[in-house]
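Scroll down for the structure; my scribbles are underneath it.
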Amino acid sequence: MNIYNKLPLYRNTVSANLFLTNIAHASKKNDPYYMYSFMGLYATSVLYHQSIKFSRFHKVIGYVDKLCILNVVCYGGTKLIQYSKFDVYSSTVAIAFLGVNWLYGYGSLTNKYVFDKSADTGNNYHMLLHALTCFGHHIIIFTVS
């Protein structure tokens, strides 16, 4: 029996690797708190997505992941509000933020997007959510760090 059959690599785990680019970008801009925040988010995101069928502690990992998400959102949002002026960059971040909230928040209320009954559709939207998050935070790091 092949170990790769026992431990498949899930698509959401692969898309979480986008956060590695945020870690690198924050480190180049000399923002250690943002870098460590994304390191925590990356670790918990990979653990959460990869443990979906294998871990007894999947729910606990999910709660820790949500705390890491909250940390990154609050820190990035605070930096954006404090140090950014209203321009095309901050508008793009706002649109990305609204898109993520639409996919996750509205999707959870209506069982659409990330929460679609079809696992393939839900995973595709979750991967889009990772991409929007990564992109929005790159803009924050670029403009205010």
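The values are calculated or read from the model by the stated rules, or taken from the named source; none is laboratory data. Predicted model only: the values in this text are computed from it and were never measured. Cβ: placed from backbone, ideal geometry, glycine included. Neighbour counts: every protein chain shown.
Summary of values
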{"quantity": "Selected residue (criterion: surrounded by the fewest Cβ atoms within 10 Å (Cβ to Cβ)) from residues of the range 27-50 that are of a type in the set (D, E, K, R) and touching a residue at least 12 places away in the same chain (Cβ under 8 Å)", "calculated": "K29"}
{"quantity": "Some residue of the range 108-130 being free of Cβ contacts under 8 Å to residues at least 12 places away in the same chain, of a type in the set (K, R) and either surrounded by 13 or more Cβ atoms within 10 Å (Cβ to Cβ) or in contact with a Cys (Cβ under 6 Å, 6 or more places away or on another chain) (or both)", "calculated": "yes"}
{"quantity": "Qualifying positions in the range 6-28 - under 16 Å from G40 (Cα atoms) and assigned to a loop (DSSP other than H, G, I, E, B)", "calculated": "N17, L18"}
{"quantity": "Residues (in contact (Cβ under 8 Å) with a residue 40 or more places away in the chain, part of a loop (DSSP other than H, G, I, E, B) and within 23 Å of R11 (Cα to Cα)) located in the range 53-97", "calculated": "F54"}
{"quantity": "Selected residue (criterion: modelled with the lowest pLDDT) from residues of the range 83-99 that are among the small types (G, A, S) and surrounded by 13 or more Cβ atoms within 10 Å (Cβ to Cβ)", "calculated": "S84"}
{"quantity": "Residue selected from the range 15-26 under the condition touching a helix residue (DSSP H, G or I) at 6+ places or on another chain (Cβ under 8 Å) and of a type in the set (A, V, I, L, M), by the criterion surrounded by the most Cβ atoms within 10 Å (Cβ to Cβ)", "calculated": "A16"}
{"quantity": "Selection count, the range 98-123, where residues are assigned to a helix (DSSP H, G or I) and in contact with a Lys or Arg (Cβ under 8 Å, 6 or more places away or on another chain)", "calculated": "2"}
{"quantity": "Per-region count, the range 29-52, residues farther than 17 Å from L9 by Cα and in a helix (DSSP H, G or I)", "calculated": "10"}
{"quantity": "Odd one out for K53, checked against (1) in contact with a helix residue (DSSP H, G or I) (Cβ under 7 Å, 6 or more places away or on another chain); (2) over 19 Å from F142 (Cα atoms); (3) surrounded by fewer than 16 Cβ atoms within 10 Å (Cβ to Cβ); (4) at pLDDT below 95", "calculated": "(1)"}
{"quantity": "Which listed residue, of A26, A16, A43, is modelled with pLDDT of 95 or more, closer than 24 Å to G77 by Cα and under 10 Å from the mean Cα position of the chain (by Cα)", "calculated": "A16"}
